[in-house]
1. Only one of (1) over 17 Å from Ala130 (Cβ atoms); (2) hydrophobic (A, V, I, L, M, F, W, C); (3) in contact (Cβ under 8 Å) with a residue 24 or more places away in the chain fails for Met192. Which number is that?
2. Give the residues of region 202-220 that are more than 18 Å from the chain's Cα centre (by Cα) and in a strand (DSSP E or B), sorted by residue number.
3. Does Asp57 qualify as being touching a Ser or Thr at 6+ places or on another chain (Cβ under 8 Å) and in contact (Cβ under 8 Å) with a residue 12 or more places away in the chain?
4. Could you check region 115-136 and list, in sequence order, the residues that are crowded, with 19+ Cβ neighbours inside 10 Å and in contact with an Asp or Glu (Cβ under 8 Å, 6 or more places away or on another chain)?
5. Go through region 65-101 and give me each residue that's among the acidic types (Asp, Glu) and either in a loop (DSSP other than H, G, I, E, B) or under 17 Å from the mean Cα position of the chain (by Cα) (or both).
6. How many residues, within region 155-170, are part of a helix (DSSP H, G or I) and of a type in the set (A, V, I, L, M, F, W, C)?
7. Taking region 167-184, which residues are surrounded by fewer than 20 Cβ atoms within 10 Å (Cβ to Cβ) and within 17 Å of Ile138 (Cα to Cα)?
8. Considering only residues that are at pLDDT 95 or above and closer than 22 Å to Lys168 by Cα, which ones fall in region 91-108?
Amino acid sequence: MFEDEHKYLIISDLHLGIEKSLEGKGFRIPDQYGFLLDSILKLKNITDAEGIIILGDVKHDIGLPFEIKKFQNFFKTLSNELKIIIVKGNHDGGIENLIDAEIHSPRGILKWGIYFSHGHTWPSQSLNRAEYLLMGHIHPEIRILDEKTKKMYNSCWLKTHPGKNFKKHYPDFSGEIIIFPAFNPLVGMAIMDVIPGPLFNNGLINIKNLDVYLLDSTYLGKFGKIKK
């Protein structure tokens, strides 16, 4: 419960419409709009949430009129149930012309002591006033080998705290950094020694120090110790 007395769901990386992109690569994937909408509304009913904050990449590649209509209908239905706040991601160009929602710059926003960001751009200096940095963009997955050495990919949460390099850019931020898994199960990327985004590319976040949690909150350890 935040200071405006509303509960919010927080998710990242819906990538609505990605199935069309995958179809162009030879994959036949059923339409995911209904599944994703139902998943959000189930969480809304479980938590009694009154709003939702989406940390970017709401859409994937949407261009044809029938795709735009599906996208708009998705948010029309969602807006009847939840107040919608969006921080734009790198796939969200022009989204403000498609739907009616509270939409913010890719640099992110500070609300309630929490900095909400997609992760593909530098946060503003208002991050210095935050207690938490929440971000998406990298769709983290951990690769696990089963007993028969078959590869299995599991979506995961990543958590860490700022180090010395981080302090050079945001000297007053000492809170927790939480990186969200993609909400769309079709989207993921195995964690490696190279992660996209300015906070990683410029050494502000030490990849080896990332704490890795599965979606059921199982703690796997520091990435630097488990990556082998």
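The values are calculated or read from the model by the stated rules, or taken from the named source; none is laboratory data. Quick caveat: nothing in here was measured; it's all calculated off a predicted structure. As a convention, Cβ positions derive from the backbone with ideal geometry for all residues, glycine included, and neighbour counts pool all protein chains shown.
1. Going through the list (1) over 17 Å from Ala130 (Cβ atoms); (2) hydrophobic (A, V, I, L, M, F, W, C); (3) in contact (Cβ under 8 Å) with a residue 24 or more places away in the chain, Met192 breaks only (3).
2. Within region 202-220, Tyr219, Leu220 qualify.
3. Yes.
4. Answer for region 115-136, where residues must be crowded, with 19+ Cβ neighbours inside 10 Å and in contact with an Asp or Glu (Cβ under 8 Å, 6 or more places away or on another chain): His118, Leu133, Gly136.
5. Residues satisfying the conditions are Glu81, Asp92, Asp100.
6. So the count comes out to 1.
7. If the condition is that a residue be surrounded by fewer than 20 Cβ atoms within 10 Å (Cβ to Cβ) and within 17 Å of Ile138 (Cα to Cα), then Ile178 is the only one that fits.
8. Gly108
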